[in-house]
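Asks: Sharing a structure here in structure tokens format.
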């Protein structure tokens, strides 16, 4: 046995030992040297794998939980008034359309984080890891590609809208990076090659001929990923799936329902993409950093989100896609309860997020903040647990770590456990 193991690399040796254990003892080895019955994998919560697609809506700047999803009284109260919803909880009157679909949603009012600066906090929310100079961490879209493979023969598995793809594949291959769409109304620009597709094929054939010696000599993952990019690009250019990026295929009524703005059209594009097979789509919405003039700025930005989000939920539901699509509303942190009539400062230690579809409980509030909205009072949710819950719902084997380039095992959510109470 020892001679066999000595000939295997680390990952192969691990799989070999796991299979031997499973065959002889009915056991599976998981991280931390804990032994779990092989039957445990079959006794999963019904949420496991129910979310075939994830739409991640990133409210960049720091959504004030007190002025949106967790209204308060007394000194913390802002300019908004609490209103009833179609569920048993309240939101503020900045979100009347959100209130109408609240019976399909799960609101988490007990999020906790530890970074109060925008850029690193956004990185933390997207990856569940603090920024490090020596490593770049993957987003959930890249983790999905790692655990579940490609979600479509021709379309990318991950797309980001209204932002660059700089936070994406992390330490995974560049083939796991999201395709970035800067303007959702334009889709993918410059998809027609100069001289037509026949000319493009000739150029790629010439490139392959020139590169063949280099690829043989340097059998590197980076080179393979680079070549894979060209193969995927050509396949997409020739595929009818390219129409998924074309919003002109939607009726004017449908486009108007989402709103004539980049976030609304981005949400509509996200629906088209998941409907066509893309697994993970992020749509970014800027404008939530309200240090001053909170009342005026919320009056501008909140209706944009309110319209697009409610349209997305209704659209997915009408198409029978909501149960298999997990919609996530995230932000990097909340805002402080202190309100002097102007604005609120950054507040990472208590804020709110939203989940909808993908098997989550409907009309449900998880967790609780204190009366001022300053601290979490019940059922704290870390960013890592938030990620792990989404990954679990998407069917990822989150107990099986990936190995970083430095040889360190890394897990979705930095090893935090999913919160199964979020799911029906």
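Asks: Hey, does segment 72-82 have a residue that's within 28 Å of residue 49 (Cα to Cα) and touching a strand residue (DSSP E or B) at 6+ places or on another chain (Cβ under 8 Å)?
Replies: No, segment 72-82 contains no residue that is within 28 Å of residue 49 (Cα to Cα) and touching a strand residue (DSSP E or B) at 6+ places or on another chain (Cβ under 8 Å).
Asks: Somewhere in segment 352-371, is a residue more than 30 Å from residue 259 (Cβ to Cβ) and touching a helix residue (DSSP H, G or I) at 6+ places or on another chain (Cβ under 9 Å)?
Replies: Yes, that holds for at least one residue.
So that you can scan it fast, the table gives a plain yes or no per residue for (1) assigned by TED's automatic domain parsing to the domain that holds residue 376; (2) over 22 Å from residue 159 (Cα atoms); (3) in contact with a strand residue (DSSP E or B) (Cβ under 6 Å, 6 or more places away or on another chain):
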residue	(1), (2), (3)
265	yes, no, no
275	yes, no, no
283	yes, no, yes
287	yes, no, no
290	yes, yes, no
293	yes, yes, no
335	yes, yes, yes
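Asks: Given the criteria over 22 Å from residue 126 (Cβ atoms), touching a strand residue (DSSP E or B) at 6+ places or on another chain (Cβ under 9 Å) and either free of Cβ contacts under 8 Å to residues at least 40 places away in the same chain or crowded, with 17+ Cβ neighbours inside 10 Å (or both), does residue 326 qualify?
Replies: No: the conditions fail for residue 326.
Asks: Find the helices (runs of 4 or more DSSP H) located wholly in segment 204-282 whose residues include 2 or more that are modelled with pLDDT under 95 and surrounded by 16 or more Cβ atoms within 10 Å (Cβ to Cβ), and list them.
Replies: Ranges flagged: 221-238.
Asks: Could you pull out the residue among 395, 407 that is over 13 Å from the mean Cα position of the chain (by Cα), in a loop (DSSP other than H, G, I, E, B) and more than 25 Å from residue 52 (Cβ to Cβ)?
Replies: The conditions single out 407.
Asks: Since residue 331 meets every condition but one in (1) touching a strand residue (DSSP E or B) at 6+ places or on another chain (Cβ under 9 Å); (2) touching a residue at least 60 places away in the same chain (Cβ under 8 Å); (3) surrounded by fewer than 21 Cβ atoms within 10 Å (Cβ to Cβ), which condition does it not meet?
Replies: (3)
Asks: Quick check on my filter: what residues within segment 326-370 are part of a loop (DSSP other than H, G, I, E, B) and under 16 Å from residue 77 (Cα atoms)?
Replies: 336, 337, 338, 339, 340, 341, 342, 343, 344, 345, 350, 370
Asks: Then there is this: Name the residue that is surrounded by the most Cβ atoms within 10 Å (Cβ to Cβ), counting only residues in segment 334-351 that are farther than 24 Å from residue 126 by Cα and out of contact with any helix residue (DSSP H, G or I) (no Cβ under 6 Å at 6 or more places or on another chain).
Replies: Selected residue: 339.
Asks: Here's another thing I want to ask about it. Tell me, yes or no, whether segment 305-319 has at least one residue that is modelled with pLDDT under 95, over 24 Å from residue 276 (Cβ atoms) and in the same structural domain as residue 75 (by TED's automatic domain parsing).
Replies: no
The values are calculated or read from the model by the stated rules, or taken from the named source; none is laboratory data. Just so it is clear, the model here is predicted, and its values are computed rather than measured. When we count neighbours, we look across all protein chains shown, and the Cβ atoms used for this are built from the backbone with ideal geometry, even at glycine.
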